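The values are calculated or read from the model by the stated rules, or taken from the named source; none is laboratory data. Given the structure is predicted, the values throughout are model-derived calculations rather than measurements. Cβ placement follows ideal geometry from the backbone for every residue including glycine, while neighbour counts extend to all protein chains displayed.
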């Protein structure tokens, strides 16, 4: 019994080591969204392309979709853009844009020049919906299920690795739920 | 030259007066604003509060705090508003609930555990000391023997 106790410090040190090692792989700048499992906050904002058309949270329901927060002032969004095109066209997952605190003209130009992966774009000039969602930078991508519930948030660029390991499995899982 | 220096100084001091440019109805509101922006953590530049940070999101959150204070909301309502959107991360002093109780009680628990270990070790030591003390007690026979030895010494 006494001898076994002598190993206690070693065990504690090993346990701390495991926890800290696991912590090394975590990126502290990636916060878990506080909105997970909540419905997309209610909003009424114009479409980017058509200022007279008002969009609301109801427009996001129906199918598992990606709600992508982007802006022309965000360099990483440009990096991500070709991949969004691929997701929308090749993988057939609807991508809805949340044009966040942007200039309408510049955003429209961007879509003309780089092509448009979005089903439609919510024009959130003041960042009100962004604030309600808990957006703290761009790009951010939310997976919203068919009932309009936020299921997952990815902070940062979506690339091949992120799509294959994080987004695609979840989209499939939420789609199968009905 | 002098003019340029004055202009430069004025520009540099602008940030120091940033809260002064905001309008409040009362001084109490200004104070409330200052405490709140110092207690809320910027989600983007994580080691700054939203009063210190110049990240766009910190500016937005400051404006939101300002607006809510003018609307007459109290501190708790403002903090709840932020936590609802940005999670416990945005508060330096998270609320006591099921996900944070370990954080709040952990230090006290560890101190208590340490205290118990110290008390137990001290007790055990005392017990072992008294055990050896008991061993010294001699039987009648041994006492006789000891006396004999001692008296033998005296003879010499």
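Go through (1) in contact with a helix residue (DSSP H, G or I) (Cβ under 8 Å, 6 or more places away or on another chain); (2) loosely packed, with under 13 Cβ neighbours inside 10 Å; (3) closer than 20 Å to residue A:155 by Cα one by one and return the number of the condition residue A:72 breaks.
Unmet condition: (2).
Quick test for you: out of A:121, A:116, pick the one residue that is surrounded by 19 or more Cβ atoms within 10 Å (Cβ to Cβ), closer than 25 Å to residue B:64 by Cα and at pLDDT 95 or above.
A:121
Can you confirm whether the range B:35-51 contains a residue that is more than 14 Å from every other protein chain (Cβ to nearest Cβ), in contact (Cβ under 8 Å) with a residue 12 or more places away in the chain and over 22 Å from residue B:95 (Cβ atoms)?
No, that holds for no residue.
Just give me the residues in the range A:138-153 being farther than 15 Å from residue A:34 by Cβ and touching a strand residue (DSSP E or B) at 6+ places or on another chain (Cβ under 7 Å), in sequence order.
Within the range A:138-153, A:138, A:139, A:141, A:143, A:144, A:145, A:148 meet the criteria.
Of all residues being assigned to a loop (DSSP other than H, G, I, E, B) and more than 18 Å from residue B:80 (Cβ to Cβ) in the range A:123-135, which is nearest to the other protein chains (Cβ to nearest Cβ)? Just the residue, please.
Going through the qualifying residues, I end up with A:127.
Based on what the data block shows, is residue B:89 within 11 Å of chain A (Cβ to nearest Cβ), in a helix (DSSP H, G or I) and at pLDDT below 90?
Criteria met by residue B:89.
Among the numbered conditions (1) part of a helix (DSSP H, G or I); (2) away from chain A (no Cβ under 11 Å), tell me where residue B:84 comes up short.
Result: residue B:84 fails condition (2) only.
Out of A:10, A:5, report the one residue that is surrounded by fewer than 11 Cβ atoms within 10 Å (Cβ to Cβ) and either closer than 27 Å to residue A:114 by Cβ or away from every other protein chain (no Cβ under 14 Å) (or both).
The unique qualifying residue is A:10.
Table: residues versus (1) under 20 Å from residue A:131 (Cα atoms); (2) touching a helix residue (DSSP H, G or I) at 6+ places or on another chain (Cβ under 7 Å); (3) buried (at least 17 other Cβ atoms within 10 Å of the Cβ).
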| position | (1), (2), (3) |
| --- | --- |
| B:36 | yes, yes, yes |
| B:59 | yes, no, no |
| B:64 | yes, yes, yes |
| B:97 | no, no, no |
| B:124 | no, no, no |
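For residues that are in a helix (DSSP H, G or I) and modelled with pLDDT of 90 or more, tally how many sit in the range B:12-56.
Residues that pass the stated criteria total 13.
Scan the range A:44-66 and give yes if some residue there is at pLDDT 90 or above, within 14 Å of another protein chain (Cβ to nearest Cβ) and surrounded by 12 or more Cβ atoms within 10 Å (Cβ to Cβ), otherwise no.
Looking through the range A:44-66, none of the residues is at pLDDT 90 or above, within 14 Å of another protein chain (Cβ to nearest Cβ) and surrounded by 12 or more Cβ atoms within 10 Å (Cβ to Cβ).
If only one of A:121, A:99, A:116 is in contact with a strand residue (DSSP E or B) (Cβ under 8 Å, 6 or more places away or on another chain) and without any contact (Cβ under 8 Å) to a residue 60 or more places away in the chain, which one is it?
A:99
When you go through (1) in a helix (DSSP H, G or I); (2) within 14 Å of chain A (Cβ to nearest Cβ); (3) closer than 30 Å to residue B:63 by Cα one by one for residue B:76, which number turns out not to apply?
Every listed condition holds for residue B:76 apart from (2).
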